[in-house]
Structure formats: C-alpha cells, structure tokens
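Novice: For reference, the structure I am asking about is given below.
The values are calculated or read from the model by the stated rules, or taken from the named source; none is laboratory data. Given the structure is predicted, the values throughout are model-derived calculations rather than measurements. Here Cβ is always computed from backbone atoms with ideal geometry, including for glycine, and neighbour counts include all displayed protein chains. The area values use the complete protein model at the heavy-atom level, side chains included, leaving out ligands, DNA and RNA. Shrake-Rupley method; radii C 1.70, N 1.55, O 1.52, S 1.80 Å.
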Amino acid sequence: MNFLKMMEKVQEVQSRMESLQEDLGRIEVEGVSGGGMVKASMTCQHRLNSLSIDPSLVTTDDRGMLEDLIVAAINDAHSKAEETVRERTADIAGEFQLPPGLKLPF
C-alpha cells in the first residue's frame, strides 16, 4: 500500500471516528439492579441521564442497600456503554483492516 492511500485511509478512519463519537453521545443504554427496582440511563459517552428508584426502596430503612443498588445500576449501564463502544469501533477497525489490538478511539 502506498503512502498516499494509507493517508487517505487514516483520514477516512478519523472522519468515521468523529461521526461515531457524535453517535455515542446519542445512544442510551440502561443499567438495572435489584430486579429492575433501580434503573440508570446513560449515553455511551458515560453521561448519566436519569436514575429511577422504585418507591418501595425509598421508604426502606436500609439506606446501605439502596446505595448499593444505585451503584450497581450505574455500573451495569457503564458496562453496557463500554460494550456498545467496543462493538462500534470494532466495526470501523474491521472495515479498514486496522491491526488487531489497536484501541479506538485513538
């Protein structure tokens, strides 16, 4: 592959990555815990948009359990966001035949 073609590919990858970053800001994932009693919604850029807590948990005296469920829901959403990012960047890497293990975004 000549240098000019390689630079064109790099520019194309950069353009696709910029577009992907915009998309990831709009894609929402939902993490849940406590059998759906606590739900956290975040974008794939890890921006927490909402947190929903079943009213039955708010009246409980076990504050520690509620805090643990909130953390678990947020961590679940975070994991789902990371998986979505991995899937989307793998698609781009595969299209442009980038070396395996190259972590995107750069």
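Novice: Cross-link partners among aspartates and glutamates for K39, C-alpha distance below 15 Å, same-chain residues fewer than 8 apart left out?
Specialist: Counting by Cα, and skipping residues close in sequence, K39 has these aspartates and glutamates nearby: E28, E30, D54, E67, D68, D76.
Novice: Also: Need the full-extension length gain, S56 to E83, defined as separation in residues times 0.36 nm minus the C-alpha distance. One decimal, nm.
Specialist: Taking 0.36 nm per residue and subtracting the Cα distance, the gain is 6.6 nm.
Novice: Sticking with this one: Given springs between every Cα pair under 10 Å in a Gaussian network model of the chain, which of D61, D76, D91 has the largest fluctuation?
Specialist: Of D61, D76, D91, the Gaussian network model singles out D61 as fluctuating most.
Novice: With +1 on the Cβ of every Lys and Arg and -1 on the Cβ of every Asp and Glu, and nothing else charged, how large is the dipole of the chain about its Cα centre, in debye rounded to the nearest 20?
Specialist: 420 debye
Novice: Still on this structure, I have one more. In whole percent, and with a 1.4 Å probe on the protein chains, what portion of the accessible area of the chain is carbon and sulfur?
Specialist: 52 percent
Novice: Relative to the longest principal Cα axis of the chain, at what angle does helix 3-26 sit, 0 to 90 degrees, rounded to 10?
Specialist: Helix 3-26 sits at roughly 20 degrees to that axis.
Novice: With a probe of 1.4 Å, find how much accessible area the stretch 21-69 has per residue, and write the answer as a whole number in Å².
Specialist: Here the residues of the stretch 21-69 average 62 Å² of exposed surface.
Novice: Where does the chain land at 222 nm, in deg cm²/dmol rounded to the nearest 500, when only DSSP H runs of n ≥ 4 count, each adding -39500 (n - 2.57), divided by all residues?
Specialist: -20000 deg cm²/dmol
Novice: From the residues G64, A93, G35, which one has its Cα farthest along the dipole of the chain in the positive direction, the dipole being from +1 and -1 charges on Cβ of Lys/Arg and Asp/Glu about the Cα centre?
Specialist: A93
Novice: With axes computed from alpha carbons, what is the tilt in degrees of helix 63-95 against the longest principal axis of the chain, rounded to the nearest 10 within 0 to 90?
Specialist: That helix lies at roughly 20 degrees to the long axis.
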